[in-house]
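This report concerns only the one structure given below.
The values are calculated or read from the model by the stated rules, or taken from the named source; none is laboratory data. What you see is a predicted model; the values in this text were computed from it and never measured. Don't worry about glycine lacking a Cβ; one is built from the backbone with ideal geometry, like all the others, and counts go over all protein chains shown. Protein only, heavy atoms only, side chains kept; ligands, DNA and RNA dropped before computing areas. Shrake-Rupley method; radii C 1.70, N 1.55, O 1.52, S 1.80 Å.
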Amino acid sequence: MSKTRLEAFSDGVLAIIITILVLELRAPHGENLVDLQPLLPKLLTYLLSFVYVGIYWNNHHHTLHAVKRVSGRVLWANLHLLFWLSLLPFVTAWLGENHFAAVPSALYGAILLMAAVAYTILVRSIIAAGDENLLLAEAIGNDSKGYLSLLIYAAAIPIALWVPWLAQVCYVIVALIWLVPDRRIERVLEQHRS
């Protein structure tokens, strides 16, 4: 099965998620910069969520670049990832509206954790789809970066219930870990072309 439709569908869904994120922002009822101050939690949460969607889009693109074949299992794994990412606008709005309160912070982390788990499942499903995708397995390796992210999310969720700001720091740290595009796939593909 071709990967083209999978890429196009995923790109469309991610574009819609970003659109919904920005539609949750409302203009202030004033004309001065000081009128933006009450919106600061919403703007910061939007920024973090936008970065996360961008990270997933970037890594999804790189991952599929190394793929030759997809299976039905890969399609379902991809939908699983898109499901969790589609919940980001909801938790982003709730977190921003409640100024980083404990329960919204924990739920935000839970959605990030589930998206990371879903991405891991997607990568493993792609690798299992056939020998044509073994370059991806070589590129991913032991995926210490991915497993470290899962660990930080899992720790941040209970932390959010006691010290919400510390959980936010954890979410930012994971975003910073992934902000630089993952070059493992590009390196492996270039080595095999040479």
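Kindly check whether there is at least one residue in region 43-51 that is open to solvent by 70 Å² or more (accessible area, probe 1.4 Å) and either outside any helix (DSSP H, G or I) or over 19 Å from residue 170 (Cα atoms) (or both).
Step one: of region 43-51, the residues open to solvent by 70 Å² or more (accessible area, probe 1.4 Å) are 44, 47, 50.
Okay, now just the ones that are also either outside any helix (DSSP H, G or I) or over 19 Å from residue 170 (Cα atoms) (or both), so none.
No, because not a single residue in region 43-51 is open to solvent by 70 Å² or more (accessible area, probe 1.4 Å) and either outside any helix (DSSP H, G or I) or over 19 Å from residue 170 (Cα atoms) (or both).
For (1) under 19 Å from residue 122 (Cβ atoms); (2) of a type outside the set (A, V, I, L, M, F, W, C), each residue gets a yes or a no:
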{"position": "26", "(1), (2)": "no, yes"}
{"position": "38", "(1), (2)": "no, yes"}
{"position": "50", "(1), (2)": "no, no"}
{"position": "54", "(1), (2)": "yes, yes"}
{"position": "77", "(1), (2)": "yes, no"}
{"position": "90", "(1), (2)": "no, no"}
Problem set entry | Which listed residue is touching an Asp or Glu at 6+ places or on another chain (Cβ under 6 Å) and closer than 22 Å to residue 174 by Cβ, from 110, 102, 106, 93 | 93
For this session: Identify, by number, the condition in (1) modelled with pLDDT under 95; (2) open to solvent by 50 Å² or more (accessible area, probe 1.4 Å); (3) closer than 27 Å to residue 158 by Cα that residue 83 doesn't meet.
Result: (1)
Seminar exercise, completed: The helices (runs of 4 or more DSSP H) lying wholly within region 94-194 that contain at least 2 residues that are farther than 30 Å from residue 36 by Cβ and either β-branched (Val, Ile, Thr) or open to solvent by less than 50 Å² (accessible area, probe 1.4 Å) (or both) are 102-128, 134-140, 144-162, 184-193
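What number of residues within region 1-32 satisfy the criterion of being outside any helix (DSSP H, G or I) and touching a Gly at 6+ places or on another chain (Cβ under 9 Å)? If you could, list the steps in order and put the result at the bottom.
Within region 1-32, the subset outside any helix (DSSP H, G or I) is 1-3, 24-32.
Cutting the leftovers down to touching a Gly at 6+ places or on another chain (Cβ under 9 Å) gives us 1, 24-25.
Of the residues in region 1-32, 3 are outside any helix (DSSP H, G or I) and touching a Gly at 6+ places or on another chain (Cβ under 9 Å).
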For this session: For residue 60, indicate whether it is open to solvent by 50 Å² or more (accessible area, probe 1.4 Å), under 24 Å from residue 149 (Cβ atoms) and touching a residue at least 12 places away in the same chain (Cβ under 8 Å).
Result: no
Exercise. Restricting attention to region 49-78, and to residues there that are aliphatic (A, V, I, L, M) and under 18 Å from the mean Cα position of the chain (by Cα), which single residue is nearest to residue 138 (Cα to Cα)?
Worked result: 64
